Amino acid sequence: MEDLIQGRLGSADGYDIRCAIDGDKISGRAGGKLHGKDIELEITDRGVRGSVGTESVNIELQEGELRGNVGSQKLVLRGVDRVTGFLGEPIVGWNIVAQQQGEALSGQLGSTVLGRVFTLDLGSAPGWVGTLVAVVAFYALEPRASMSVRAS
């Protein structure tokens, strides 16, 4: 039987997420056939690496936190079942909070007004893995999440 992470990012105007877990590899898709991105992640001894669409994901465990980049954005995640963190830069970034209860994960990326909620069935994956998948999907599919701030 295949182990899956599946659920939804956002409400009616959101996106479906479906990823298969095979050992230390997570592969799947966020969004649909016309507007979607493939997700390929691998959990390594030092962190997580992979890609979402054409963007790279490179995160390492440092001082009890996962730190690195999803595409052009910085990412910090902490916790296992209750996960908190941040995507982007302090002024223009997105807060991350998620809570695992059994095989279910629910969370919020960004503010209540401008952010996105997510709900995922984790299968046997821990909450931090589901949160990472949601953040990667958010980065890939939300134009405002992948915008870099440049000085003019």
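The values are calculated or read from the model by the stated rules, or taken from the named source; none is laboratory data. All figures in this text were calculated on a predicted structure; none of them were measured in a lab. No Cβ is skipped: glycine too gets one built from the backbone with ideal geometry, and neighbour counts run over all protein chains shown. Heavy atoms of the whole protein, side chains included, go into the accessibility calculation; ligands, DNA and RNA do not. Shrake-Rupley method; radii C 1.70, N 1.55, O 1.52, S 1.80 Å.
Taking the residues in segment 121-152 that are at pLDDT below 85 and touching a helix residue (DSSP H, G or I) at 6+ places or on another chain (Cβ under 7 Å) as candidates, determine which candidate is surrounded by the most Cβ atoms within 10 Å (Cβ to Cβ).
Ranking the qualifying residues of segment 121-152, first place goes to Ala145.
Since Val113 meets every condition but one in (1) among the aliphatic types (A, V, I, L, M); (2) free of Cβ contacts under 8 Å to residues at least 24 places away in the same chain; (3) under 23 Å from Ile21 (Cβ atoms), which condition does it not meet?
Just one mismatch for Val113, condition (3).
List the number of the failed condition for Gly68; all other conditions in (1) touching a Leu at 6+ places or on another chain (Cβ under 8 Å); (2) of a type outside the set (A, V, I, L, M); (3) part of a loop (DSSP other than H, G, I, E, B) hold.
Unmet for Gly68, out of (1) touching a Leu at 6+ places or on another chain (Cβ under 8 Å); (2) of a type outside the set (A, V, I, L, M); (3) part of a loop (DSSP other than H, G, I, E, B): (3).
Any idea which of Phe118, Phe86 is among the hydrophobic types (A, V, I, L, M, F, W, C), closer than 25 Å to Asp13 by Cα, in a strand (DSSP E or B) and open to solvent by 20 Å² or more (accessible area, probe 1.4 Å)?
Details: Phe118 fails: open to solvent by 20 Å² or more (accessible area, probe 1.4 Å).
The conditions single out Phe86.
Any idea which of Ser111, Ser56 is open to solvent by 10 Å² or more (accessible area, probe 1.4 Å) and at pLDDT 95 or above?
Ser56
From the list Gln100, Gln62, which residue is of a type outside the set (D, E, K, R), open to solvent by 20 Å² or more (accessible area, probe 1.4 Å), within 26 Å of Thr119 (Cβ to Cβ) and out of contact with any strand residue (DSSP E or B) (no Cβ under 6 Å at 6 or more places or on another chain)?
Exactly one of Gln100, Gln62 is of a type outside the set (D, E, K, R), open to solvent by 20 Å² or more (accessible area, probe 1.4 Å), within 26 Å of Thr119 (Cβ to Cβ) and out of contact with any strand residue (DSSP E or B) (no Cβ under 6 Å at 6 or more places or on another chain), namely Gln100.
Within segment 101-115, count every residue that is under 14 Å from the mean Cα position of the chain (by Cα) and under 12 Å from Gly7 (Cβ atoms). I'd like the intermediate steps shown before the answer.
Quick first cut of segment 101-115, residues under 14 Å from the mean Cα position of the chain (by Cα) only: 105-110, 115.
Still in the running and under 12 Å from Gly7 (Cβ atoms): 105-107.
Count: 3.
Is there any pair with a first residue in segment 65-84 that is aliphatic (A, V, I, L, M) and a second that is open to solvent by 60 Å² or more (accessible area, probe 1.4 Å) and part of a strand (DSSP E or B) whose Cβ atoms are under 6 Å apart and which are 6 or more apart or on different chains, and what are they?
That search, which allows pairs on different chains as well, returns Val76/Arg67.
Mind listing whichever residues of segment 38-71 are in contact with a Phe, Trp or Tyr (Cβ under 9 Å, 6 or more places away or on another chain) and not hydrophobic (A, V, I, L, M, F, W, C)?
Glu55, Gly71, listed by residue number.
For segment 74-81, check the following and say yes or no: at least one residue is touching a Pro at 6+ places or on another chain (Cβ under 6 Å) and either modelled with pLDDT under 95 or under 22 Å from Arg18 (Cα atoms) (or both).
yes
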